[in-house]
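The next block holds one structure in the form of structure tokens; read it before the comments.
The values are calculated or read from the model by the stated rules, or taken from the named source; none is laboratory data. Every value quoted in this text rests on a predicted model; they were computed, and no experiment measured them. Backbone-built Cβ (ideal geometry, glycine too); neighbour counts: all protein chains shown.
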């Protein structure tokens, strides 16, 4: 008997998370001789527990599915629901009872580290109980911090947005040359500085802005920072500095904590904000120059205007690859990317054990962080530049992007 497919999205959205959804839905709907229904979970596994599902065949019939692939955010809606560590918890039989009632044989979850934790638990519970439901994870995160994959869908488009925006900020900052100024750009990244590192791509030539780039992988010293800013302004009077939100003293104290109390989210992660503002005030106090801070915030992950063609193609391909992997009997895996060449850039989709991925974090290699922690090496540029290539024509209507809406 044909089984049905269900797919969900979880965690913070990206500009291409819906590309992965499109890849799963389009491939599964194309193989209607092998699948029964293709469902989407509304608001992830939390919504599924509340019986919130969509029939994705109807989305395709309406023509909306084609718009989905270039729509930012999570078309199905997201959640930050964490399954219990104890596989004997009542939520697991509840979920698998729902799978049985809906004839679900294939479960796909698109997300980052916490989402892969969900995939791990569901696949382990299926193995424990003898269930034949196949559970696969599709990577997603602008943070690029999942292990065992060259990179994650979503990172490239966010990196392209960061590099393009920082280049615009640098040009804006340079219009007045008779007074010194500092612009501090705060970029997402709690423990992994991949996205802030991408600001190096904004440079048009050596020693161009951003002159200083700070990542959380290297301990941050405010006094050394002030000295570097002072020195850099001798040759670059309108200085641009890029920082990760998670820069810290190397002992667990975030720079933003020096300025204000910091809350935590449902997963116990500190909700970081204010590192740029803290450094703005520090520069103002210590150097007395014109200074401002800019927090790029959610625009990094939701901008369709800077979609990377490479990123979108890879997201779609990962979804289709996952469908075929599940048909081949794979479960408990995450679709990963293996780079086979930098120039020309090529990669292939592979499968990795999700249990070796969840609850681990890939940080920027220390050898790619140079100049006492204030700059990024050429090796990172070689790694990142191919990922931001390619333009995407987003459908337009009345002069604005035409997005899909549930």
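So that you can scan it fast, the table gives a plain yes or no per residue for (1) under 30 Å from residue 70 (Cβ atoms); (2) touching a strand residue (DSSP E or B) at 6+ places or on another chain (Cβ under 6 Å); (3) modelled with pLDDT under 95; (4) in a strand (DSSP E or B):
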residue: 251; (1), (2), (3), (4): no, no, yes, no
residue: 257; (1), (2), (3), (4): no, no, yes, no
residue: 268; (1), (2), (3), (4): no, no, yes, no
residue: 305; (1), (2), (3), (4): yes, no, yes, no
residue: 312; (1), (2), (3), (4): yes, no, no, no
residue: 315; (1), (2), (3), (4): yes, no, no, no
residue: 323; (1), (2), (3), (4): yes, no, no, no
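When you look at residue 349, is it without any contact (Cβ under 8 Å) to a residue 60 or more places away in the chain, closer than 14 Å to residue 152 by Cβ and touching a strand residue (DSSP E or B) at 6+ places or on another chain (Cβ under 9 Å), yes or no? Can you show your working first?
Values: without any contact (Cβ under 8 Å) to a residue 60 or more places away in the chain: yes; closer than 14 Å to residue 152 by Cβ: yes; touching a strand residue (DSSP E or B) at 6+ places or on another chain (Cβ under 9 Å): yes.
So residue 349 passes the test.
Yes or no: residue 74 buried (at least 20 other Cβ atoms within 10 Å of the Cβ) and in a helix (DSSP H, G or I)?
no
Under 9 Å between Cβ atoms, at least 6 apart or on separate chains: pull out the pairs that start in segment 53-68 with a residue that is more than 18 Å from residue 103 (Cα to Cα) and end on any residue that is assigned to a loop (DSSP other than H, G, I, E, B) and at pLDDT below 95.
59/406; 64/405; 64/406; 67/405
Out of the residues in segment 360-392 meeting the condition of being in contact (Cβ under 8 Å) with a residue 60 or more places away in the chain and loosely packed, with under 12 Cβ neighbours inside 10 Å, tell me which one is farthest from residue 69 (Cα to Cα).
372
With respect to residue 7, determine if the residue is crowded, with 19+ Cβ neighbours inside 10 Å, part of a helix (DSSP H, G or I) and in contact (Cβ under 8 Å) with a residue 60 or more places away in the chain.
no
If I go through segment 290-303 residue by residue, how many of them are assigned to a helix (DSSP H, G or I) and in contact with a helix residue (DSSP H, G or I) (Cβ under 8 Å, 6 or more places away or on another chain)?
Looking only at that region, the number is 3.
Can you pull out every residue in segment 34-50 that is part of a loop (DSSP other than H, G, I, E, B) and either under 26 Å from the mean Cα position of the chain (by Cα) or free of Cβ contacts under 8 Å to residues at least 24 places away in the same chain (or both)? Can you show your working first?
The initial filter retains those residues of segment 34-50 that are part of a loop (DSSP other than H, G, I, E, B), namely 34, 42-43, 50.
Across segment 34-50, the qualifying residues are 42, 43, 50.
Looking at residue 329 and the list (1) over 19 Å from the mean Cα position of the chain (by Cα); (2) surrounded by fewer than 16 Cβ atoms within 10 Å (Cβ to Cβ); (3) in a strand (DSSP E or B), which single condition is not satisfied?
(3)
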